[in-house]
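Right, one structure below, let's go through it.
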Amino acid sequence: MSEKLIPAEELAHSGPVRFPNESAEYRAARTVLLAEEIELRRHLERVAAQRRALPPGGEVIGDYRFEGEKGKADFAGLFGSKDTLIVYSFMFGAMRERPCPMCTNLLNTMEGNAADIMQKVALAVVAGSPMERLKAWKKERGWLDLPLYTDLNGNYSRDYFGVLPDGSEIPAYNVFTRRDGTIRHFWGGEMTGDMSDPGQDPRGAPDFAILWNVLDTTPEGRGTDWYPKLEY
């Protein structure tokens, strides 16, 4: 049995932090917010535990072919020596002149953590553009560690929702496992634009974009009319 948790309100009221010249009104509102933040942290952990407890997903049996910076690979080759694989579908198809700015922003963050992530699991960034274009973009952005792959026949991108039936691209995020020689899908983001709440841009949860998480701590928030650009 798990240890009983102290109520969030009790923890919030016992917090020692006080900032210079804050008012009693501010402290009261901040304490209520702190209790909600504690509950959010706990909810995130409950969701993560529920995700880890998922039953085995569908076996990966498609004809998936890739080209990486070191040559061609099948799906099993993306795992390397690891038993878990994260695949991010990068919106940079062959018809795009430049890649998606929001994907690029997210991958900038992932690049900074790629070497650490790959100590634990395998990581692959898959796009529809030819490898030479991907390598040129990687050089332009100064990425060193992100492993980029071209989806040679498009099958992976179509099957795992990086490319929709109408040909449009979306930034799919999928996790796969290899256990006893069998590769299975473990988890993928499934929140679509139709699931957005009123007044919000489409987003999943957890939100991997540190940009939005940082802006969420500010009085202006994310806003509704600004997105990152490839150049400023």
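The values are calculated or read from the model by the stated rules, or taken from the named source; none is laboratory data. What you see is a predicted model; the values in this text were computed from it and never measured. With ideal geometry, Cβ positions are generated from the backbone for all residues, glycine too; neighbour counts draw on all protein chains shown. For the accessible areas, the whole protein counts, side chains as well, though only heavy atoms, and no ligand, DNA or RNA atoms are used. Shrake-Rupley method; radii C 1.70, N 1.55, O 1.52, S 1.80 Å.
Which of the residues belonging to segment 81-113 are within 25 Å of Arg184 (Cα to Cα), touching a Ser or Thr at 6+ places or on another chain (Cβ under 8 Å) and not small (Gly, Ala, Ser)?
Asp83, Thr84, Leu85
Among the residues of segment 157-169, are any at pLDDT 95 or above, of a type in the set (S, T, N, Q), under 17 Å from the mean Cα position of the chain (by Cα) and more than 18 Å from Gly193 (Cβ to Cβ)?
yes
Please determine whether any residue of segment 211-225 is outside any strand (DSSP E or B), without any contact (Cβ under 8 Å) to a residue 12 or more places away in the chain and open to solvent by less than 40 Å² (accessible area, probe 1.4 Å). Step through it out loud before you land on a result.
At the first step, the residues of segment 211-225 found to be outside any strand (DSSP E or B) are 211-225.
In the following step, the residues that additionally are without any contact (Cβ under 8 Å) to a residue 12 or more places away in the chain were identified as 212-221, 223, 225.
From what's left, open to solvent by less than 40 Å² (accessible area, probe 1.4 Å): 212, 221.
Yes: segment 211-225 contains one or more residues that are outside any strand (DSSP E or B), without any contact (Cβ under 8 Å) to a residue 12 or more places away in the chain and open to solvent by less than 40 Å² (accessible area, probe 1.4 Å).
List, please: which pairs have Cβ atoms under 7 Å, are six or more places apart or on different chains, and start with a residue in segment 142-167 that is closer than 16 Å to Ser129 by Cβ and end with one that is open to solvent by less than 30 Å² (accessible area, probe 1.4 Å) and of a type in the set (D, E, K, R)?
As it stands, the answer is Trp143/Glu111; Leu146/Glu111; Leu146/Lys138; Leu148/Lys138; Ser157/Asp151, since those pairs meet every condition given.
Of everything in segment 114-148, what is hydrophobic (A, V, I, L, M, F, W, C) and out of contact with any helix residue (DSSP H, G or I) (no Cβ under 8 Å at 6 or more places or on another chain)? Give them in sequence order.
Passing the criteria: Ala114, Ala115, Met118, Val121, Met131, Leu134, Ala136, Trp137.
Is segment 187-206 home to any residue that is open to solvent by 40 Å² or more (accessible area, probe 1.4 Å) and assigned to a strand (DSSP E or B)?
yes
Right, Tyr232: among the aromatic types (Phe, Trp, Tyr) and open to solvent by 80 Å² or more (accessible area, probe 1.4 Å) or not?
yes
May I ask you to say which residue of Asn113, Asn108 is over 24 Å from Val47 (Cα atoms) and either over 19 Å from the mean Cα position of the chain (by Cα) or open to solvent by 20 Å² or more (accessible area, probe 1.4 Å) (or both)?
On the way: Asn113 fails: over 24 Å from Val47 (Cα atoms).
Within the list Asn113, Asn108, the selection yields Asn108.
Take segment 116-130 and flag every residue that is under 23 Å from Tyr64 (Cα atoms), in contact with a strand residue (DSSP E or B) (Cβ under 9 Å, 6 or more places away or on another chain), surrounded by fewer than 19 Cβ atoms within 10 Å (Cβ to Cβ) and among the aliphatic types (A, V, I, L, M).
In the first step, residues of segment 116-130 are kept if they are under 23 Å from Tyr64 (Cα atoms); the result is 118, 121-130.
Of the ones still in play, those that are also in contact with a strand residue (DSSP E or B) (Cβ under 9 Å, 6 or more places away or on another chain) are 121-130.
From what's left, surrounded by fewer than 19 Cβ atoms within 10 Å (Cβ to Cβ): 121, 130.
Of everything in segment 116-130, just one residue is under 23 Å from Tyr64 (Cα atoms), in contact with a strand residue (DSSP E or B) (Cβ under 9 Å, 6 or more places away or on another chain), surrounded by fewer than 19 Cβ atoms within 10 Å (Cβ to Cβ) and among the aliphatic types (A, V, I, L, M), namely Val121.
Kindly evaluate Ile86 against the criterion of being of a type outside the set (D, E, K, R), in contact with a Leu (Cβ under 7 Å, 6 or more places away or on another chain) and either open to solvent by 50 Å² or more (accessible area, probe 1.4 Å) or under 19 Å from Ala172 (Cα atoms) (or both).
Numbers: of a type outside the set (D, E, K, R): yes; in contact with a Leu (Cβ under 7 Å, 6 or more places away or on another chain): yes; either open to solvent by 50 Å² or more (accessible area, probe 1.4 Å) or under 19 Å from Ala172 (Cα atoms) (or both): yes.
Yes; evaluated as a whole, the condition is true for this residue.
Filter segment 1-47 down to residues that are part of a loop (DSSP other than H, G, I, E, B) and of a type in the set (Ser, Thr, Tyr) and give me whichever is surrounded by the fewest Cβ atoms within 10 Å (Cβ to Cβ). Lay out the reasoning, then the answer.
Residues of segment 1-47 part of a loop (DSSP other than H, G, I, E, B): 1-7, 14-23.
Checking the rest, the ones that are also of a type in the set (Ser, Thr, Tyr) come to 2, 14, 23.
Numbers: Ser2: 5, Ser14: 9, Ser23: 8.
If we take residues in segment 1-47 being part of a loop (DSSP other than H, G, I, E, B) and of a type in the set (Ser, Thr, Tyr), then Ser2 is surrounded by the fewest Cβ atoms within 10 Å (Cβ to Cβ).
Of the residues in segment 48-86, how many are in contact (Cβ under 8 Å) with a residue 12 or more places away in the chain, under 20 Å from the mean Cα position of the chain (by Cα) and in a helix (DSSP H, G or I)?
Counting residues in segment 48-86 that are in contact (Cβ under 8 Å) with a residue 12 or more places away in the chain, under 20 Å from the mean Cα position of the chain (by Cα) and in a helix (DSSP H, G or I) gives 3.
Looking only at segment 203-230, which residues are of a type in the set (Asp, Glu) and at pLDDT below 90?
Applying the first criterion (of a type in the set (Asp, Glu)) to segment 203-230 yields 207, 216, 220, 225.
Matches in segment 203-230: Asp207, Asp225.
Only one of these conditions is not met by Thr177: (1) in contact (Cβ under 8 Å) with a residue 24 or more places away in the chain; (2) surrounded by fewer than 17 Cβ atoms within 10 Å (Cβ to Cβ); (3) touching a Pro at 6+ places or on another chain (Cβ under 9 Å). Which number is it?
(2)
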